[in-house]
Amino acid sequence: MKKEFKLKNTLNMSFVLAVVIPIISISLAAILFARGYILDISKDSHEQIITNLDHIIESFFKTPEKDMTLLKEAILNTGISDYDQIIPDFYRGQEFFHHIYVLDSEGKIKYTFPSDPSIKDFDYAYETSAAQILNGKANAWSDLYVFQRENLISMNFSMKCGEDILFGVIHLQVIQNLFEKNVTTDGVSIALANEYNNYMVHSHYEYVEQHFYAPNFEEDMLFEKYYNDGVPYYVTVKKTGYLNWKIMIFEEVKNVNERLMTLILFLGGATCVIVLLAVTVGFKLNGLVFSNLHMLLTKTKEVKDGKYVISIDHSRFVEFNELRKNFLMMLDEIKMREDQILSQNYEIETMNRALEERVNERTNDLYQANHELEVALENLKVTQDQLIESEKLASLGELVTGLAHEINTPLGIILTIITYLQESTKHVKSTYDKGLLKKSDFETYINAHVDSEHLIYENISKAIELISSFKLISAEQRNIEKRKVEIKEFIESVVRSIDPKLKKSNIKIHMHVDEAIEIVTIPIALYQIIVNLLMNVKVHAYDEEGGMIDLFVNKNKHYLEIIVQDYGHGIEEQNLKKIFDPFFTTKRGAGGTGLGLNIVYNTVKQNLNGEIKCYSEINVGSQFVVHLPYDL
């Protein structure tokens, strides 16, 4: 006997298993994956920051060039020589240049903005960017240097403007400010170093002022661990496309760990609160459910004891009220149903007997119908086999008729020549007997006799060749055993045997057969394939004007390939998939039976273990490709 359990304890345990344990498990899983989540967020943050900073560097080099070009165009297009009318407005509309000078053709300062008379006429020809302009360049950047009057790391950009040189001073403090706007995460430091690993920008600017060196990172890095004086950092490094500058992001590992700990504490606290609420609500609900179940259990015991008239208190649960309603209705109907059961049992037994009789009757009918279908199917198979055999015999009959007609021609010629020789010999003998035979008459008779012998020999040879082909084909028709066949000789014999029939339709065959190909196959089957494919071309491909057939036999590595190619009407696409079906033909009223290609298909697949495919295009022609094994 199976062990029994208290429903109340089971409900409480089920609640713990179904709700509390999954909540705790999900929370623990979330805590376990929190580290990966925090690291992924931090890594994505680094990647986004480094991308933004790279764009800032790109803008730092491109925007001044663009702005200076606009200033140059404004000066040249207006022809204004008073720079105070143009440069001040330009200066206020840009954000990179801190000082703008105009140098003359010798490199001396002739104009400054903001105005600084103390440096007017200073010779800047030695300055890197100005020197490049004087040497013929259109624009140029200088190297990094410290702008002494403001003690700031700076760069200069110069551009040729007519005979003068536009000269702009840019403090790298611009990059410092733009970098700081893009980094709002506490504990994350950013830096920009040149190719000599000198800090040019740093979140802690004293690193720049005190000429600290950056770590020598040779390759780009994304959120990789790096130790500096024993302190672990997550570092991201990217080389810019300008002057080999490198952007660096430093974030202490403890900063990431603090975010991880904050998330774990939050998840743990949230889990405790959720579990506490779930347990409180769950046990309260279980108590209410169990009290209603206990009441129903008590009432069912009363019904079991035969008390059908009972009262059930109203519940706070809709489902229990519905159960109460149904339970009372059930009690009202129990007695009535008890009375009906006996009469219904009798009716059911009567119906079962009638149903059994009906099933037996239907089973017999189905058995008889199935037997009739099997007989019809067997008759259909026999009829199909007879039709196929009739098609084969009809093909052989047409072959015999064609050969007889072809043989009659050379035999008729021979008979005519022999008749001529008899008459000629009789005339020569009569002349000779009378003593009137001349030498010239005798020579004429001899020459005619020699020519006649030659014609007789040719026609007898042709008749022998036709008879030999027929003997070979007829022998193969009787031989259903597989044997070695020399393909070229065999196919030439087959073609000669049906050539008379094809000639009547003005169809010519061009054979392309490789020499010395031998296969082991069933000759009669191969004969049926070639004949039916060629006759199919005769019936379907061409009209009365006829056409050409190319018959290719190719020797491949794994199989023998036979291709029958015509250039006639082609096969419509909707018919191409049905051409090998039995009794399918498009020439039903013109002699087509629909069995020719079906015989070919079954012979290739079943008898010779080969493959056959058909390719066709309307008004271009059709191609039948047969693959046969070398050794059946």
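Computed values, structure above
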| quantity | calculated |
| --- | --- |
| Accessible surface of T444 - all protein chains present, 1.4 Å probe, nearest 10 Å² | 90 |
| Accessible area expressed per residue, region 173-246, with surrounding protein chains retained (probe 1.4 Å, Å²) | 56 |
| Dimensionless Rg over Rh [region 164-273; C-alpha; Kirkwood] | 1.12 |
| Residues I23 and R316, FRET efficiency given R0 of 22 Å [Cβ-Cβ distance, rounded to 0.05] | 0.25 |
| Accessible area per residue, Å², region 15-129 with all protein chains present, probe 1.4 Å | 55 |
| Apportionment of accessible area to carbon and sulfur, region 505-578, percent (1.4 Å) | 48 |
| Of the trypsin sites (Lys or Arg not before Pro) in region 249-312, those whose Cβ has at most 12 other Cβ within 10 Å and which sit in DSSP loop | K307 |
| Accessible area of region 113-196 belonging to carbon and sulfur atoms, whole % at 1.4 Å probe | 48 |
| Estimated distance in nm for a label pair at V253 and R92, the labels positioned 7 Å out from Cα along Cα-to-Cβ | 5.5 |
| Overall form of region 485-524 per C-alpha gyration tensor (a/c, 1.5; a/b vs b/c) | oblate |
| With every protein chain in place, region 199-336: carbon and sulfur % of accessible area (1.4 Å) | 61 |
| Accessible area of H99 in the full protein assembly, 1.4 Å probe (Å², nearest 10) | 30 |
| Gyration tensor (alpha-carbon) shape descriptor, region 230-348, a/c threshold 1.5 | prolate |
| Value of Rg to Rh for region 547-632 (Rh from inverse mean 1/r over Cα pairs, i.e. Kirkwood) | 0.99 |
| Low-density loop positions, GluC sites (Glu not before Pro), region 513-553 - DSSP coil, at most 10 other Cβ in 10 Å | E515, E544, E545 |
| Under 11 Å, Cβ to Cβ, from I165 - net charge with Lys/Arg +1 and Asp/Glu -1 | 0 |
| Accessible area (Å², 1.4 Å probe, nearest 10) - M261 | 100 |
| Cβ-defined net charge surrounding E150, 15 Å radius [Lys, Arg +1; Asp, Glu -1] | -1 |
| FRET E, pair L265, F122, Förster distance 56 Å, beta-carbon r, rounded to 0.05 | 0.30 |
| Estimated dipole of region 65-172 in Debye, rounded to 20 [Cβ of Lys and Arg +1, of Asp and Glu -1, Cα centre] | 140 |
| For region 494-632, share of DSSP beta bridges that run antiparallel, in % to the nearest 5 | 70 |
| Kirkwood estimate for region 524-590, i.e. one over the average of 1/r between Cα atoms, Å | 13.7 |
| Flagged links, alpha-carbon separation over 23 Å, of K501/K557; K108/K246; K503/K587; K504/K605; K43/K238; K504/K587 | K501/K557; K108/K246; K504/K605 |
| Average projected area [Cα convex hull, region 54-118], square nanometres | 5.1 |
| By accessible area with a 1.4 Å probe, ligands and nucleic acids excluded, highest first: order of E347, E163, E224 | E163, E347, E224 |
| Net length gained if the chain between S291 and N198 were fully extended (0.36 nm per residue, minus Cα distance) | 25.5 nm |
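The values are calculated or read from the model by the stated rules, or taken from the named source; none is laboratory data. The model shown is predicted, which means the values in this text are computed figures rather than measured ones. Quick reminder, even Gly has a Cβ in these numbers, built from the backbone with ideal geometry, and neighbours come from all protein chains shown. Side chains are part of the model used for accessible areas, which takes the heavy atoms of the whole protein and leaves out ligands, DNA and RNA. Shrake-Rupley method; radii C 1.70, N 1.55, O 1.52, S 1.80 Å.
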